[in-house]
Each structure stands twice: as C-alpha cells, then as structure tokens.
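Please treat every number below as a calculation from the coordinates, not as lab data. Treat the numbers as computed from the prediction; the structure is a model and nothing was measured. Quick reminder, even Gly has a Cβ in these numbers, built from the backbone with ideal geometry, and neighbours come from all protein chains shown.
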Amino acid sequence: MIYCSKFGYNPTIHTLEDFPSVSEGQVFQEQLVAFIHGELCDEEDPKGIENKLLKNLKWAAKKNESKNIILHSFAHLAETKASPQFTKDIFDKVEDRLKNADYSCSQTPFGHFLDLDIQAPGVSQARIFKGF
C-alpha cells in the first residue's frame, strides 16, 4: 500500500476480455493505493481474505489520516494467482463495505495494463506491506 499525494493512471493494454475495456484515465489526490495480488490459496477462504483486506485497508488509511482508498490489481510474479473473477469479486465486496463505512473507494480498471503516475510523500507510514 502506498499513500499518494497524487495517483493517476492511463489504460494502455486491455488484457482480460471478460472485463470491460476502458480507455480513459483518472487522477486522484490524497489516496491510499492498495496494490493487491490474489493468490490461488486465497480462494479457499474468500470471506477471511475479504475481512483481512478490509481491516488492513482501514488501518493503513487511518495511519495516513485518510478515508480515500484505491484498489489496484497487481498480479506479480508469484507461483500462483487467484482467478481474475475471484479477485474482482473481492474488490467489489471490499469497495461496497468501505463505502458503507463512509470511505471513498475506487478501483483502477481491472484487466488492463496501466501507465501510472505516482507521487508519494517520503514518510514511513506512506509505504506499507502486508501479506495475508
């Protein structure tokens, strides 16, 4: 998770045909951006993963005195990956729960490679890693 004073994206390549193609980018100010990778083992406990993700996002947002969160799918070079539909479903559920708790929450376009523009302050709580 990175707390960004500015975070912007522009879609470049649509990689997953099961998800809508997006061509417009966006720019956000003062957002906690969560780079999230779903692993295959996460599919064994979807509610547990959802709850842990929600808890960690709220904790990191509070550390940065923010209620603004962006969920970004980040499929890194892990040995396993959760299915795209599983990961998107978790994102949608967590977004709904955050909004119901008076947070602002957005998602970057799922199934796209993106050009990213990140500006983050040089303070320790602006960069947080948490594995589940």
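Key figures
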| read-out | value |
| --- | --- |
| Proximal lysines to LYS67, defined as alpha-carbon separation beneath 28 angstrom and excluding residues fewer than eight positions away on the same chain | LYS6, LYS47, LYS52, LYS55, LYS58, LYS88, LYS93, LYS99, LYS130 |
| Reach of LYS62 by Cα under 16 Å, taken over aspartates and glutamates that are not fewer than 8 positions away in the same chain | GLU30, ASP102 |
| Anisotropy class of segment 8-126 from Cα gyration tensor, a/c 1.5 cut | oblate |
| Full-extension gain in nm, LEU40 to TRP59, via 0.36 nm per residue minus C-alpha separation | 4.3 nm |
| Estimated [θ] at 222 nm from DSSP helical runs (n ≥ 4, -39500 (n - 2.57)) normalised by residues in the chain, nearest 500 | -9000 deg cm²/dmol |
| Percent of beta bridges antiparallel (DSSP, the chain, rounded to nearest 5) | 65 |
| For a label point 7 Å along the Cα-to-beta-carbon line of ILE118, residues of segment 11-27 with backbone N under 17 Å | 11-12, 26-27 |
| Cβ charges +1 (Lys, Arg) and -1 (Asp, Glu), total dipole of the chain, debye | 680 |
| Selection from ASN51, ILE69, THR80 lying farthest towards where the dipole of segment 39-88 points positive, charges on Cβ | ILE69 |
| Phi to ³J(HN,Hα) by Karplus 6.51 cos²θ - 1.76 cosθ + 1.60 over segment 117-129, Hz, x for Gly, Pro | 10, 10, 10, 10, x, x, 10, 4, 6, 6, 10, 10, 10 |
